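Note sheet for the following structure.
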Amino acid sequence: GSFIYALTSMLLGAVVTRSLGAAAGGIFFFAFSTFGQQIFIVAYFGMRPVQVTDAGEQGTFGEYRAFRLLSCAAAVLATLFYGFLLTVPGEARTVLFLTAGYKILDGFADCYDSEFQRQGRLYLAGKSNAFRTLGSVALFLLLLFTTRSLPAACLAALIGQAGMILLCCVAPLRCLPKVRTELRRGYIRRLFAKSRWLFLGAFLDLYIFAASKYAVNRYLTAADNSYYTTIFIPTSVINLMSNFVIRPVLTLLSEAREAGRKAVFLSTVGKITALILGLTFLGTLAAWFLGIPVLSLLVGAEAGKALKGLRTELLLVILGGGFYALLNLLYYCLVILERQRSIFLIYVLGTGLAWVSAEFGVRYRGLLGGALSYCGMMALLTLLFAAATLRALRQDHKFKGEA
């Protein structure tokens, strides 16, 4: 499920670029991969780590679902605000609204996937992720190739997403025993208190990750936006492979902390860190020899010519992607260690630095400046998260009994 989801997220923009040109690809890349992902975070609201690690069911599924409906409504309002105030009318705005709707539904579906995992049915979450993605993307590609209209394809994907949620999320959950759906007084306040720092941290995290993309979209052309987002594709492979291991072991890490087994906790984190470092090295090595030719095959000959001069930018972005994967691991460690405020404070600092570095980098050095800004920010945040995690491990009361 994670593989299919990540693969389509990586390649859809390349398909649009190859079929409709670099300008259309840039519009879609920004709407789907940059703004769409940012608005997904609003709908998601940092709830997955809270829900999947709620082994004692302090919150019922009904409460998590109702809260997610509220966060999705907030995401809709945020989309309308951004779309009407900060974009011009036309195809780009239409595509922005439709892809944001798709991502908001994705955020709602994550509530069901989280419950599957909490109930010990992770395979159902995988099936949901896989089939929802395949169904909606199939409709997107069908309309894209038959109508040659990007808005029509995005509308088809939105409708497909809604239908697949009913089929792959709502129906299977009804068949599971012991899923509680009652709503208790004060649940909004309780869940908000648990997730607010996670949401703010995740929202700022994604902005930091995408700050250079926003700057490219603001100062350069739609075609440049397409080229720049294309060189991020290999970094998604690194994050995809690391998430194969990170997400399933979240419950294991939580249980190790609850049992006070510090050695198990550290050993698990160490193994995942080694995997991320290995994938980053292999990804950088492969990109040096094959990166630009392979990406050129994805986006077509016309866009491929522009990519030939972006090898340095590609390598910087891949290195930054490795730092980002490691940063995500440390983020989840801090969540489990209940250091949400530390996460938030690091992200507040990082947001300001990311905005400044991206603005100056892109304005004065173009795509190279954007890549330098991205890689530098990922390295800095990784160091800050590592320091915060080591400090939290030393101070955590549940690990006090074990060296």
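The values are calculated or read from the model by the stated rules, or taken from the named source; none is laboratory data. These figures come from a predicted structure and were not determined experimentally. Positions of Cβ are generated from backbone atoms using ideal geometry, with glycine treated the same way; all protein chains shown enter the neighbour counts. Just so you know, the surface numbers come from the protein's heavy atoms only, side chains and all, with ligands and any DNA or RNA stripped out. Shrake-Rupley method; radii C 1.70, N 1.55, O 1.52, S 1.80 Å.
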Inset, instruction - Hand me the GluC sites (Glu not before Pro) from the stretch 38-113 located in a DSSP loop with no more than 15 other Cβ atoms within 10 Å, in residue order please. - result: 57
Legend entry - Relative intensity, log₁₀ I(q)/I(0), of the stretch 267-403 from a Debye sum that treats every alpha carbon as a point, q = 0.12, 0.16, 0.17, 0.18 Å⁻¹: -0.60, -0.91, -0.98, -1.04
Inset, instruction - Would you compute, for the Cα atoms of the stretch 318-361, the largest minus smallest coordinate along each principal axis and list the three values in descending order, in whole Å? - result: 36, 24, 5
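Please compute one quarter of the surface area of the Cα convex hull for the stretch 43-167 and express it in square nanometres.
So the mean shadow area of the Cα hull is 7.9 nm².
Report, in debye and to the nearest 20, how large the dipole of the stretch 237-368 comes out about its Cα centre when Lys and Arg carry +1 and Asp and Glu carry -1 on their Cβ.
160 debye
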Inset, instruction - Would you mind getting the Kirkwood hydrodynamic radius of the stretch 103-250 from its Cα pairs, rounded to one decimal in Å? - result: 18.3 Å
Inset, instruction - Consider all pairwise Cα distances in the stretch 224-275 and report the whole-number % of them above 18 Å. - result: 47 percent
Inset, instruction - Hey, can you find the accessible area per residue of the stretch 247-403 for me, probe 1.4 Å, expressed in square angstrom? - result: 48 Å²
Legend entry - Percent of C-alpha pairs per 5 Å bin, the stretch 70-125, short to long: 4, 19, 21, 17, 13, 10, 7, 6, 3, 0
Legend entry - D_trans [Stokes-Einstein, Kirkwood Rh over alpha-carbon pairs] for the stretch 1-71, 25 °C, 0.890 mPa s, µm² s⁻¹: 171 µm²/s
Inset, instruction - Could you size up the charge dipole of the chain around its Cα centre, putting +1 on the beta carbon of Lys and Arg and -1 on that of Asp and Glu, and report it in debye to the nearest 20? - result: 660 debye
Legend entry - Among 233, 309, 319 the positive-end extreme of the charge dipole of the stretch 207-327 (Cβ point charges): 319
Legend entry - the chain, accessible surface, carbon-and-sulfur percent (1.4 angstrom probe): 69 percent
Legend entry - Value at 222 nm in deg cm²/dmol, rounded to 500, when DSSP H runs of n ≥ 4 in the chain each add -39,500 (n - 2.57): -27500 deg cm²/dmol
Inset, instruction - Pull up the cross-link candidates among the lysines for residue 213, meaning alpha carbon to alpha carbon under 23 Å and not fewer than 8 places away within one chain. - result: 103, 305, 308
Inset, instruction - Go from 0 up to the bin containing the longest alpha carbon distance in the chain, width 20 Å each, and give me the % of pairs per bin. - result: 27, 60, 13, 0
Inset, instruction - Rank 272, 256, 206 by how far each Cα sits towards the positive end of the charge dipole of the stretch 171-325 (+1 on Lys, Arg Cβ; -1 on Asp, Glu Cβ) and give me just the farthest. - result: 256
Legend entry - Sites residue 174 and residue 66, calculated FRET efficiency, Cβ-Cβ separation with R0 22 Å, nearest 0.05: 0.85
Legend entry - Convex hull volume per residue in cubic angstrom - Cα atoms of the stretch 202-312: 117 Å³
Inset, instruction - Can you work out the accessible area per residue across the stretch 52-125, with the rest of the protein chains kept in place, probe 1.4 Å, in square angstrom? - result: 40 Å²
